[in-house]
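A quick write-up on the structure given underneath.
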Amino acid sequence: MKTIEHWIDGAATAGVGSRSGPVWNPATGREQARVRYAEVSDVDNAVSAAAKAYPQWRDASLAHRATVLFAFRQLVAQHAEQLAGIISDEHGKVLSDARGEVQRGLEVVEFACGVPQLLKGDYSDQVSTGVDSYTFRQPLGVVAGITPFNFPMMVPCWMHPVAIACGNSFVLKPSERDPSASLLVARLWAQAGLPDGVFNVVHGDRVAVDALLDHPQLAAVSFVGSTPVARYVHGRASAAGKRVQALGGAKNHAVVLPDADVEFAAEQLCAAAFGSAGQRCMAVSAVVAVGSCADGLVEALRRRAGAVRVGPGRDEASEMGPVVTPRARQRILGYIDGAAGQGASVVLDGRQAAVPGDGFFIGPTVLDHVTPQADAYRDEIFGPVLSVLRVSTLDEAVALVNANPYGNGAAIFTASGEAARRFQREVTTGMVGVNVPIPVPMAYHSFGGWKDSLFGDTHVHGPEGIRFYTRAKVVSARWPQREGPVSASYHFPTAT
Ligand code: NAD
């Protein structure tokens with residue numbers, strides 16, 4: 001069976017440890033490879049390689065860095081189909097969805113290609129007589145990314161192209177469930193001319209994560225994953241003195257008002273709930289039906305969700321693939337099993353998805369009359385289960401969304417500009433959609449949630465990504481004329 005290795009200092013390596021874990025093919029239910037789990041000394045080797053490579057990369061000209069990034073961009077584009085296939089085989093998502101993931105990752109690389117423009121400082125002439133002041137930003141050093149299974153290519157791309165463009169070196173710890181895309185990406189960086197050691201990959205579990213969080217040579221950690229782990233990573237790495245951004249889980253609501261086009265809303269919401277089998281941090285998992293639209297909306301959701309074509313990711317006809325592991329499948333089924341007992345009606349039941357074989361399939365599931373106390377609402381299910389909650393007014397809907405501890409995204413479906421404007425101003429999430437169910441910003445804006453969906457204060461990519469991977473320096477400079485006066489004042493300097 002294939003064994004997936006680490007990538008340290010420009011080469012694949014088995015590392016020192018003997019531990020490994022399974023990589024499933026979720027469409028067949030079979031184990032297709034083993035991935036090595038790093039020990040502390042493997043992480044140490046990766047960080048040491050990154051630290052060794054850092055000074056040279058930090059001092060590389062912006063022109064040179066941009067050249068490497070453009071070459072990397074070209075290589076990723078050329079290998080897009082191969083990357084999509086790898087993602088589909090290990091994650092389970094359908095090929096068209098995996099292609100979309102690669103494209104969104106590529107867009108961050110393209111954003112990072114503009115690094116000479118993005119790192120431009122500013123300059124104030126004559127802040128005091130004969131004194132000028134200017135700011136510029138410098139890289140942090142060795143930084144790490146720890147990423148989840150659901151976007152094995154795109155989420156790491158939120159981090160490493162930006163960090164590397166800014167002059168840092170990088171250690172990636174991708175999800176152990178779908179680790180192969182990161183290795184192809186490492187080879188593409190090498191082909192693009194990135195010096196050995198600037199981009200490294202260590203695979204593994206908590207042992208590798210803890211070794212990174214505690215490592216004295218690491219300056220910053222970007223994390224994306226579930227909320228309990230995000231909270232833990234933020235606490236532990238902050239205590240070790242590192243800069244941390246830790247993006248957590250989500251419960252994304254879509255509020256549908258009575259004036260909305262119900263068929264349009266249902267079409268959009270089904271794609272947002274069941275695309276990638278609901279395993280997106282921006283998936284819509286709770287629909288809040290306001291007033292008289294509820295019955296018609298639930299019927300439209302049932303009809304459209306029932307028509308979703310479930311099947312293997314490699315089958316171009318499939319619209320929704322399996323979930324990632326047998327354990328994830330069991331956990332998701334548990335929520336459907338428990339829903340009726342907690343007051344919900346199961347409008348569409350995906351427990352018996354009719355896909356032959358042993359794949360980890362679950363069909364689209366729609367639950368109606370879900371209460372805010374129900375487990376299906378309170379927990380992030382991260383599967384193809386859509387809960388409908390019913391309220392009477394927009395105020396009630398906003399109160400419901402804002403009472404939820406998560407704050408990634410929220411959407412409103414309405415024909416009223418006034419209602420949409422109120423919603424976007426009052427809702428406590430980091431990203432808002434107006435008749436757009438999955439409001440994921442483009443790479444040149446920043447992505448991030450509020451409340452329990454983000455620990456730390458900096459969002460990823462876009463302007464905040466540049467800020468996260470650099471620190472500012474301000475210089476006050478004077479070039480006195482030799483023949484001029486030389487006296488200095490002893491009071492605190494003020495502009496003259
Ligand atoms: P996860 O939290 O289980 O794993 C994320 C990473 O942390 C992985 O690399 C994993 O190896 C590591 N990890 C897991 N348990 C750990 C532990 N106890 N100690 C230290 N490290 C640990 O998340 P997942 O299941 O891979 O991904 C799904 C989750 O990610 C969902 O909650 C989803 O909402 C979230 N997510 C959030 C965003 C966002 O932008 N906010 C984006 C994508 C995914």
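Tabulated results
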{"quantity": "Between helix 95-113 and the chain: long-axis angle, C-alpha atoms, 0 to 90°, nearest 10", "calculated": "20 degrees"}
{"quantity": "Cross-link table LYS52/LYS451; LYS52/LYS93; LYS52/LYS173; LYS120/LYS251; LYS2/LYS251, entries beyond 29 Å C-alpha to C-alpha", "calculated": "LYS52/LYS451; LYS52/LYS93; LYS120/LYS251; LYS2/LYS251"}
{"quantity": "From phi via Karplus (6.51, -1.76, 1.60), per-residue ³J(HN,Hα) for region 308-322 in Hz, x at Gly/Pro", "calculated": "5, 8, 9, x, x, x, 6, 7, 4, 7, 6, 9, 9, x, x"}
{"quantity": "Cα centre as origin, Lys/Arg/Asp/Glu Cβ charges: the chain dipole, Debye", "calculated": "920 debye"}
{"quantity": "Contact order relative to length of region 252-434, as percent, for alpha carbon pairs under 8 angstrom and 6 or more apart", "calculated": "28 percent"}
{"quantity": "For VAL284, distant residues with modelled amide H under 5 Å away", "calculated": "ALA273"}
{"quantity": "Separation between Cα centres of region 199-261 and region 288-362, rounded to whole Å", "calculated": "28 Å"}
{"quantity": "For the chain: relative contact order, % (alpha-carbon pairs under 8 angstrom, 6 or more apart)", "calculated": "18 percent"}
{"quantity": "Amide H contacts of LEU247 (H built 1.01 Å from N, under 5 Å, at least 5 apart or other chain)", "calculated": "PHE223, VAL224, GLY225, PHE455"}
{"quantity": "Residue-normalised accessible area of region 252-434, expressed per residue, 1.4 Å probe, Å²", "calculated": "39 Å²"}
{"quantity": "Relative contact order %, region 384-496, counting alpha carbon pairs below 8 Å whose residues are six or more apart", "calculated": "19 percent"}
{"quantity": "Cα-based shape type of region 20-98, given that a ≥ b ≥ c are square roots of the gyration tensor eigenvalues and the cut on a/c is 1.5", "calculated": "oblate"}
{"quantity": "0 to 90° range, to nearest 10: angle between helix 326-339 axis and the chain longest Cα axis", "calculated": "50 degrees"}
{"quantity": "Region 252-434 shape via C-alpha gyration tensor axes, a/c threshold 1.5", "calculated": "prolate"}
{"quantity": "On Cα atoms only, tilt of 154-165 relative to the major axis of the chain in degrees", "calculated": "10 degrees"}
{"quantity": "Of all accessible heavy-atom area on region 252-434, the percent that carbon and sulfur account for (1.4 Å)", "calculated": "48 percent"}
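The values are calculated or read from the model by the stated rules, or taken from the named source; none is laboratory data. Computed from a predicted structure; not experimentally measured. Neighbour counts are summed over all protein chains in view; Cβ atoms, including those assigned to glycine, are modelled from backbone coordinates with ideal geometry. Accessible surface areas use protein heavy atoms only, side chains included; no ligands, DNA or RNA. Shrake-Rupley method; radii C 1.70, N 1.55, O 1.52, S 1.80 Å.
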